[in-house]
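The next block holds one structure in the form of structure tokens; read it before the comments.
The values are calculated or read from the model by the stated rules, or taken from the named source; none is laboratory data. The shown structure was predicted, so the numbers you read here are calculated from the model rather than taken from an experiment. Note that we place each Cβ from the backbone using ideal geometry, even for glycine, and neighbour counts take in every protein chain shown. To get the accessible areas, we keep the full protein, side chains included, count just its heavy atoms, and leave off ligands, DNA and RNA. Shrake-Rupley method; radii C 1.70, N 1.55, O 1.52, S 1.80 Å.
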Amino acid sequence: MAQRPIYLDCNATTPVDQRVLAAMLPYFTEHFGNAASVNHLYGWEAEAAVQQARETLAAAIEAQPEELVFTSGATEANNLAIKGVAEAYISKGRHIITVATEHSAVLDPCRYLQALGFEVTVLSVQQDGLLALTTLEQALRSDTILVSVMAANNEIGVLQPLAAIGALCRAHQVLFHTDAAQAIGKIPLDVEAMQIDLMSLTAHKVYGPKGIGALYVRRRSPRVQLAPQLHGGGHERGLRSGTLPTPQLVGFAKAVELAIGDMPSETERVTRLRDRLWQKLNVLDGVQLNGHATQRLGGNLNISVAGIDGQALLLGLQPVVAVSSGSACSSVKTAPSHVLQALGQSDALAYASIRFGIGRFNTIAEIDRVAECAIATIRSLRQVATV
Ligand SMILES: *Cc1c(COP(=O)(O)O)cnc(C)c1O
């Protein structure tokens, strides 16, 4: 059997860690009860597991357990946060602020609201992908109800200054939402210190299962009002109806617990691998790093390669390494990455970009093999282009 390509797409998703799977398994079969069943042992067992997961996850972001609303992932959490706040605060105002480099799961709900009569300001970023605080400050208005700025970018790994944004929003009494899908388990998150009012989380970027996430919703100073977007049995204090998936919740909590436990050493390890890959690729002419050089996720490397066809580059790499061009979520479209465009990059360079996402199970040997393959592919494509 042919060898499978080396997986370097950890910003798209990650495998479930064996320890996470082991924690989940009993909740599929033996302890399969419905956490909402209050009359028997099966229900109590499930409820106890859900409560334990809620406490672990809340502690991971310095929140209270009652402040988490479980969802199917970060897409749903973003939709609940943005549409839920818009609907609940409509008498205060109709203005929402977000950023050009956000995930489509933030931009698209904002566009949806715009069509309903809300006003949306989409802020530009600096060339390094960072949002300038003065840009945000100038955009705040008396009718602004929400600011949504992501914690870590899924394409270029850039880390936005959450604490400074939080302080600015609090001073203006505007709610602050952050999409932390790429950040949880990779950088410290503290909803108190960073003055975050709503935060979207997901399990599958941090070695947990797909299909589970959470929205943190602040309950005290200020108490955030939210209009539910799914109606039904009244689960999650009426904010998100639907039977809670106990195995996924147990896995989500285990994944986050493991990631936070190893955070300092693992960040150092993946950063070393990332820097090694960049040093090797940077010997080529016309290769540029996208996004801030240091204010970024440890495992993320995003580069653009001048003078070659991006599609040909991806095809050349495919047998050896699984990577994405632009974001995985938009790779079905042929449009260049909106994130790279927001950094002021030409369409040609944006097309010829690669995102390497290095994670827990990658080794030095794999990085060296990928670097070798990428250099050889780029050199041969350039030779073809010049003859
Ligand atoms: C992956 C991702 C999402 C979507 O999360 P799902 O749990 O897959 O819905 C949203 N925002 C960012 C920044 C992401 O990286």
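Side notes on the structure shown:
- Residue ID - surrounded by the fewest Cβ atoms within 10 Å (Cβ to Cβ), chosen from residues in the range 79-103 that are of a type outside the set (A, V, I, L, M) and over 22 Å from the mean Cα position of the chain (by Cα): Ser91
- Candidate set from the range 104-121 (those that are crowded, with 18+ Cβ neighbours inside 10 Å and within 12 Å of the ligand (Cβ to nearest atom)); member that is farthest from Ser337 (Cα to Cα): Pro109
- Checking each residue in the range 316-345 for being open to solvent by 20 Å² or more (accessible area, probe 1.4 Å) and at pLDDT 90 or above picks out Gly316, Gln318, Pro319, Val320, Ala322, Val323, His338, Gln341, Ala342, Gly344, Gln345.
- Qualifying residue in the range 15-22 (condition: among the small types (Gly, Ala, Ser) and open to solvent by 10 Å² or more (accessible area, probe 1.4 Å)): yes
- Selection from the range 190-202 of residues that are under 26 Å from Glu268 (Cα atoms) and open to solvent by less than 10 Å² (accessible area, probe 1.4 Å): Val191, Met199, Ser200, Leu201, Thr202
The rows are residues; the columns are (1) of a type in the set (Asp, Glu); (2) in contact (Cβ under 8 Å) with a residue 24 or more places away in the chain; (3) assigned to a loop (DSSP other than H, G, I, E, B).
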position	(1), (2), (3)
Glu137	yes, yes, no
Gln182	no, yes, yes
Gly185	no, yes, yes
Asp190	yes, yes, yes
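- Unmet requirement for Lys186, which otherwise passes all of (1) open to solvent by 50 Å² or more (accessible area, probe 1.4 Å); (2) more than 15 Å from the ligand (Cβ to nearest atom): (2)
- Within the range 346-372, the set of residues being open to solvent by 20 Å² or more (accessible area, probe 1.4 Å) and modelled with pLDDT of 95 or more comprises Arg360, Phe361, Thr363, Ile364, Ala365, Glu366, Asp368, Arg369, Glu372.
- When the helices (runs of 4 or more DSSP H) confined to the range 336-387 are screened for residues that are out of contact with any Leu (no Cβ under 6 Å at 6 or more places or on another chain) and within 22 Å of Pro15 (Cα to Cα), those reaching at least 1 such residues are found at 364-386.
- For first residues located in the range 55-78 and assigned to a loop (DSSP other than H, G, I, E, B), partners that are away from the ligand (no atom under 15 Å from the Cβ) and lie 6+ apart or on another chain with Cβ distances below 7 Å form the pairs Ile61/Asp190; Ile61/Val191; Glu62/Asp190; Glu62/Val191; Glu62/Glu192; Ala63/Val191; Gln64/Ala58; Gln64/Arg219.
- Only one entry of Ile96, Ile90 meets the criterion of being assigned to a strand (DSSP E or B), more than 16 Å from the ligand (Cβ to nearest atom) and not assigned by TED's automatic domain parsing to the domain that holds Leu289, and that entry is Ile96.
- Test for Thr101: is it within 16 Å of the ligand (Cβ to nearest atom), under 22 Å from Ala180 (Cβ atoms) and among the β-branched types (Val, Ile, Thr): yes
- Count of the range 196-227 residues which are basic (Lys, Arg) and more than 14 Å from the ligand (Cβ to nearest atom): 4
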